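What follows is one structure encoded as C-alpha cells, with my remarks underneath.
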Amino acid sequence: MFKAYFAEETIPDARCDVDDGGCGLDTEAVRRQYITAFPHYLVIFVVRHDNANRKLHQAFDAGHVITLRENRYKLVAATTHLGHGTKHGHHMAYGRVNPLHEAVGRWRRYNDAEVTEVSAEHLMSEERTRNLYLLVYERV
C-alpha cells in the first residue's frame, strides 16, 4: 500500500525560481516522501475521489499489521463511507476491542446508535475495503 506513496516522482518542466536563489531555468525535479520520525499513532487517509469528485471504489489490502522500516503498527480503528457519491452516503466507524492484547482481535461497528460486534474478516472483506477511507494504526 505504501510503495507508491514513497516512490520517487519525477516532475517535468519544473521551474528553478530565481527569487529562491535558483537559476531561473526550466528543469526536471524529483520529489520523494519521507517519514523522519515515526509516531505512536499513524493515521492514513485514503483518497476516495478523482479530480471530478467521483467516488472511487477500488478494494485494497489495508493489512491488520504493517511494518514501516523497523516500526510495526497494528490497525486499531477504521472508518468507511457507504454511498455512490462524495456528497451523500453513510459513515460507519470500526474500533478494535482490546487492541494491544489480541492478535487479530474482535471489532465493534459503530453505526449511528447501533453498536455491534463484527469479525476482523468482516472489516477486511472486499466490500468493506472498497469503502475504507480512514485507517488508524498504533505502534506496537
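Just a few scattered comments:
- Among residues of region 62-74 being within 23 Å of Glu8 (Cβ to Cβ) and either outside the structural domain of His122 (by TED's automatic domain parsing) or not hydrophobic (A, V, I, L, M, F, W, C) (or both), the one that is surrounded by the most Cβ atoms within 10 Å (Cβ to Cβ) is Asn71.
- The listed residues are Ala59, Ala77, and the only one of them that is closer than 25 Å to Asp112 by Cα, surrounded by 10 or more Cβ atoms within 10 Å (Cβ to Cβ) and either of a type in the set (Lys, Arg) or at pLDDT 85 or above (or both) turns out to be Ala77.
Quick grid of which residues meet (1) of a type in the set (A, V, I, L, M); (2) surrounded by 10 or more Cβ atoms within 10 Å (Cβ to Cβ); (3) at pLDDT 90 or above; (4) within 14 Å of the chain's Cα centre (by Cα):
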residue: Asp26; (1), (2), (3), (4): no, yes, no, no
residue: Lys87; (1), (2), (3), (4): no, no, no, no
residue: Ala93; (1), (2), (3), (4): yes, yes, yes, no
residue: Asn98; (1), (2), (3), (4): no, no, no, no
residue: Met124; (1), (2), (3), (4): yes, yes, no, yes
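- One residue stands out in region 41-56 among those that are surrounded by fewer than 10 Cβ atoms within 10 Å (Cβ to Cβ) and out of contact with any Ser or Thr (no Cβ under 8 Å at 6 or more places or on another chain): the one that is modelled with the highest pLDDT, namely Phe45.
- Taking (1) free of Cβ contacts under 8 Å to residues at least 60 places away in the same chain; (2) part of a strand (DSSP E or B) in turn, Gln33 satisfies each apart from (2).
The values are calculated or read from the model by the stated rules, or taken from the named source; none is laboratory data. Since the model is a prediction, treat every value here as computed from it, not as a measurement. Reconstructed Cβ throughout: ideal geometry from the backbone, glycine too, with neighbour counts over all protein chains shown.
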